[in-house]
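What follows is a single structure, written as structure tokens, with notes after it.
The values are calculated or read from the model by the stated rules, or taken from the named source; none is laboratory data. Computed from a predicted structure; not experimentally measured. Here Cβ is always computed from backbone atoms with ideal geometry, including for glycine, and neighbour counts include all displayed protein chains.
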Amino acid sequence: MNLPNRITLIRVCFIPAYMFFILNTKIPYHEWIAAALFGLASLTDFLDGYISRKYDLVTTFGKFIDPLADKLLTSAAFICMVELGKVSSWIAFIIIAREFAVTGLRIIANSEGIVIAASKLGKTKTVTQIIAIILLTLNNFPFSYIHFPADRIMLYVATVMTLISGIDYFMKSKHLLKME
């Protein structure tokens, strides 16, 4: 197993640790620990991609596990946020449903021998989700001191970017969805 795939598997291992700390409110500084774990896990996404492209270490397993790890990480975080009352279930549903839908689209494309690469909108969606999750995890720190709802704003930006990027993927790939 190559280095990028090991890094991706480390990201998967961060998920239960993040969930443990964010949901265990009796642990001192649990939000900070959870935010650090989520931040590190998010950084591994950029790191494994960079290493695999730079050193030509792209593998079939990596093509499978990397996007799965991303979806598991963000889905777990949004589910925790719903449980904690920080995110409405309809927002979490939109975000998770988009991931299922785009994954399904990629499966269809793959069966036709077509690879749907991550778009700039998709990457922007990911960054906005990461920022929203970290702000929500930290209870809007440091913006809570100035009563600025950065966490809410980023959550809505992430939701809109999730919808826009999902629509973009489907519009660019509508030829794959011929309904006969």
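Table: residues versus (1) assigned to a helix (DSSP H, G or I); (2) under 21 Å from the mean Cα position of the chain (by Cα); (3) more than 25 Å from residue 44 (Cα to Cα).
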residue	(1), (2), (3)
140	no, yes, no
152	yes, yes, yes
157	yes, yes, no
170	yes, yes, yes
176	yes, no, yes
If I ask for residues that are in contact (Cβ under 8 Å) with a residue 12 or more places away in the chain and either in a helix (DSSP H, G or I) or not aliphatic (A, V, I, L, M) (or both), which ones from region 1-15 would you list? 2, 3, 4, 5, 7, 8, 9, 10, 11, 12, 14, 15
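Of the residues 37, 72, 121, which single one is part of a helix (DSSP H, G or I) and free of Cβ contacts under 8 Å to residues at least 24 places away in the same chain? Before you say what the answer is, go through the steps one by one.
Numbers: 72 fails: free of Cβ contacts under 8 Å to residues at least 24 places away in the same chain; 121 fails: free of Cβ contacts under 8 Å to residues at least 24 places away in the same chain.
After ruling out the rest, the residue left standing is 37.
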Condition first: closer than 30 Å to residue 26 by Cα and either touching a Lys or Arg at 6+ places or on another chain (Cβ under 9 Å) or charged (D, E, K, R) (or both). Can you find one or more residues in region 108-129 that meet it? no
Residue that is surrounded by the fewest Cβ atoms within 10 Å (Cβ to Cβ), among those in region 40-59 that are in a helix (DSSP H, G or I) and over 18 Å from the mean Cα position of the chain (by Cα): 54
Give 62, 104 a once-over and let me know the one that is surrounded by 15 or more Cβ atoms within 10 Å (Cβ to Cβ), in a helix (DSSP H, G or I) and either hydroxyl-bearing (Ser, Thr, Tyr) or over 14 Å from the mean Cα position of the chain (by Cα) (or both). 62
Which pairs have Cβ atoms under 9 Å, sit 6 or more apart or on different chains, and link a residue in region 86-107 that is among the hydroxyl-bearing types (Ser, Thr, Tyr) to one that is at pLDDT 95 or above? 88/82; 89/82
